[in-house]
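Asks: The structure follows.
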Amino acid sequence: MKEEMIKDIIQITAAIIGSAGFGIVFNIHAGKLWAATLGGLVSWVSYLLLAHLGLNEYLCGFFAAALTTAYAEIMARVTRSPAIMYVVVGTVPLIPGAGLYRSMFALLRQDMITARHQGTYALLFAASMAAGIVLTTLVERTAFSIKSLHS
């Protein structure tokens, strides 16, 4: 249990650093950088919690991306900034980089079975993330436009 907790803390720290790094690369200014980096924390902590609850990786990716997008939409309203800035930086920890790397490495070794398996995993995980982002954005924008009609 203790080793698993240490592993989670290391992963969360890496998620924060990775998100902050992308925020710096995208030239997000200091005040908004912290909010965007917090989105990376939201995404990875929610992914880990859902994984510990026993959800499969694709559902974890879907719900983590959805929660991160909800956070991004809220922060966009609070800071009067585009939500995409928060979505991109926040979902960085979820990107299936290991699956993409393993797929390309297997292709270089001409191991087509592993390449197909890893490539399929990466594509399905990215699709689950995209579905979470799109669905959450659609719900939020629809709710906001309905609210605007009634005011």
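The values are calculated or read from the model by the stated rules, or taken from the named source; none is laboratory data. Note that the structure is predicted; figures quoted are calculated from it, not measured. A quick note on method: Cβ atoms are made from the backbone with ideal geometry, for glycine too, and the neighbour counts reach across all protein chains shown.
Asks: Could you say whether any residue in region 135-149 is assigned to a helix (DSSP H, G or I), free of Cβ contacts under 8 Å to residues at least 40 places away in the same chain and under 24 Å from residue 22 (Cα atoms)?
Replies: no
Asks: Now for a separate question. Applying the selection to region 1-23, what residues are surrounded by 14 or more Cβ atoms within 10 Å (Cβ to Cβ) and farther than 14 Å from residue 72 by Cα? Full working, then the answer.
Replies: Just the residues of region 1-23 that are surrounded by 14 or more Cβ atoms within 10 Å (Cβ to Cβ), to begin with: 8, 11-12, 15-16, 18-23.
Residues satisfying the conditions are 8, 11, 12, 15, 16, 18, 20, 21, 22.
Asks: Considering every residue within region 95-102, establish whether at least one is β-branched (Val, Ile, Thr), surrounded by 13 or more Cβ atoms within 10 Å (Cβ to Cβ) and under 24 Å from residue 138 (Cβ atoms).
Replies: Yes: one or more hits.
Asks: Can you give me the number of residues within region 24-55 that are farther than 22 Å from residue 79 by Cα and either touching a residue at least 12 places away in the same chain (Cβ under 8 Å) or within 13 Å of the chain's Cα centre (by Cα) (or both)?
Replies: Within region 24-55, residues that are farther than 22 Å from residue 79 by Cα and either touching a residue at least 12 places away in the same chain (Cβ under 8 Å) or within 13 Å of the chain's Cα centre (by Cα) (or both) number 6.
Asks: Considering only region 102-130, state which residues are within 19 Å of residue 43 (Cβ to Cβ) and of a type in the set (Ser, Thr, Tyr).
Replies: Residues satisfying the conditions are 121, 128.
Asks: Closer than 24 Å to residue 145 by Cβ, of a type outside the set (D, E, K, R), in a helix (DSSP H, G or I) and free of Cβ contacts under 8 Å to residues at least 12 places away in the same chain - does that describe any residue in region 85-96?
Replies: no
Asks: Something else about it: Please pick out the residue among 47, 121, 71 that is at pLDDT 95 or above and touching a Lys or Arg at 6+ places or on another chain (Cβ under 9 Å). Let's see the steps before the verdict.
Replies: Values: 47 fails: touching a Lys or Arg at 6+ places or on another chain (Cβ under 9 Å); 71 fails: touching a Lys or Arg at 6+ places or on another chain (Cβ under 9 Å).
Exactly one of 47, 121, 71 is at pLDDT 95 or above and touching a Lys or Arg at 6+ places or on another chain (Cβ under 9 Å), namely 121.
Asks: For region 24-57, what are the residues that are under 23 Å from residue 124 (Cα atoms), surrounded by 14 or more Cβ atoms within 10 Å (Cβ to Cβ) and of a type in the set (A, V, I, L, M, F, W, C)?
Replies: Result: 41, 42, 44, 45, 48, 49, 50, 51, 55.
Asks: Then there is this: Return the only residue of 121, 47, 58, 86 being under 26 Å from residue 29 (Cβ atoms), out of contact with any strand residue (DSSP E or B) (no Cβ under 9 Å at 6 or more places or on another chain) and hydroxyl-bearing (Ser, Thr, Tyr).
Replies: Matching residue, one of 121, 47, 58, 86: 86.
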